[in-house]
2 protein chains.
Amino acid sequence: MEAMDKRRLEELTGVFKALSHPTRLWMVEQLFESEQCVCEFVDVLKLDFSTVSKHLSILKQAHVIEDDKRGKNVYYKLRAQCIPTIISCLENSLGN
Amino acid sequence: MEAMDKRRLEELTGVFKALSHPTRLWMVEQLFESEQCVCEFVDVLKLDFSTVSKHLSILKQAHVIEDDKRGKNVYYKLRAQCIPTIISCLENSLGN
DNA sequence: TTGTCATTTGGCAATATAACCAAATATTAT
DNA sequence: ATAATATTTGGTTATATTGCCAAATGACAA
């Protein structure tokens, strides 16, 4: 593991780590369709507001999603446009 | 999160979790080139044999790699052929 | 300003993960 | 069979993650 590689590896593992929780992966998939605010996720997932917010912040920090504050709400949308491709790519790979 | 979705999500998060450790991601990238036995990883990484073995077993269980016992050695090789594509896809996505 | 709603942040307890050591297993060589 | 090498498994400790609660922030409304 060369030194220059280290940064790159950590950035990549950050993304994988962000996607490695069922709730987070599910939220990301919801954002394939359209942006959603935090409260919409809270309603559906029946998790604490703080829990949902923290999950979203992990995804944001990994540059998977980005936020957009509008009025009282914060809307999240997909930023890493390659994620849908990655997931279907993996599903094909696994389901053989 | 529908019930049918749950299995699929867990299988996918299993893959992401497996890839979300720098050492494991590095090992997977080594296997893009050619198969390697456990001892070769141990030599380069300077980690305990048991540590390396456990990392590889996590990747194997996620169907990312597969093993091939030959003689005294166990050789690991890439199984999920889409991983190289996924990584370069992500690198492009992040580096903009 | 005060109040209210949406969200984030800090702190805590429970659970999961990581790395090492030691012991167990497996395969080949003697 | 015994020994030597390669790998896996079990156990332990340290660290990280998860989910809740309570408190803090931020924006709009009255």
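Throughout, read-outs are computed from the coordinates displayed, never taken from laboratory work. A quick note: this is a predicted structure, and the numbers were derived from the prediction, not measured. No Cβ is skipped: glycine too gets one built from the backbone with ideal geometry, and neighbour counts run over all protein chains shown.
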Q | Selected from A:LYS60, A:LYS46, A:LYS17 as most flexible by GNM, with chain A as the system and alpha-carbon contacts under 10 Å | A | A:LYS46
Q) Under 12 Å from a point 7 Å along the Cα-to-Cβ line of B:ASN73: which residues of region B:24-44 have their amide N that close? A) B:35-43
Q | Unit charges on C-beta of K, R, D, E only; dipole of chain A, Debye | A | 280 debye
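Given A:LYS17/B:LYS6; A:LYS54/B:LYS60; A:LYS60/B:LYS60, which pairs have Cα atoms separated by over 24 Å?
With Cα atoms farther than 24 Å apart: A:LYS54/B:LYS60; A:LYS60/B:LYS60.
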Q | With Cα atoms, 0 to 90° folded angle of helix A:22-33 axis to chain A main axis | A | 80 degrees
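Taking N as the number of residues in region A:10-94, what is its alpha-carbon radius of gyration divided by 2.2 N^0.38 Å?
Numbers: Rg = 12.6 Å, N = 85, 2.2 N^0.38 = 11.9 Å.
Dividing the Cα radius of gyration by 2.2 N^0.38 Å gives 1.06.
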Q. If you look at just the Cα atoms of the protein assembly as shown, how large are its Rg and its Dmax in Å?
A. 17.9, 66
Q) Using a label point 7 angstrom from Cα along Cα-to-C-beta, what distances in nm, from shortest up, separate A:GLN61 from the other copies? A) 2.5
Q.
Nearest 10 degrees is fine. How inclined is helix B:49-61 to the longest principal axis of chain B, computing both from alpha carbons?
A. 40 degrees
Q) For B:ASP5 and A:ARG8, what is the calculated FRET efficiency with R₀ set at 35 Å and r taken between the beta-carbons, to the nearest 0.05? A) 0.65
Q: Quick one: check the C-alpha center-to-center distance for region B:2-33 versus region A:13-41, whole angstrom.
A: 16 Å
Q | Charge dipole of the protein assembly as shown about the Cα centre (unit charges at C-beta), most positive-ward option of A:SER53, B:SER88, B:HIS63 | A | A:SER53
Q | Computed [θ] at 222 nm, deg cm²/dmol, chain B (DSSP H ≥ 4; -39,500 (n - 2.57); rounded to nearest 500) | A | -20000 deg cm²/dmol
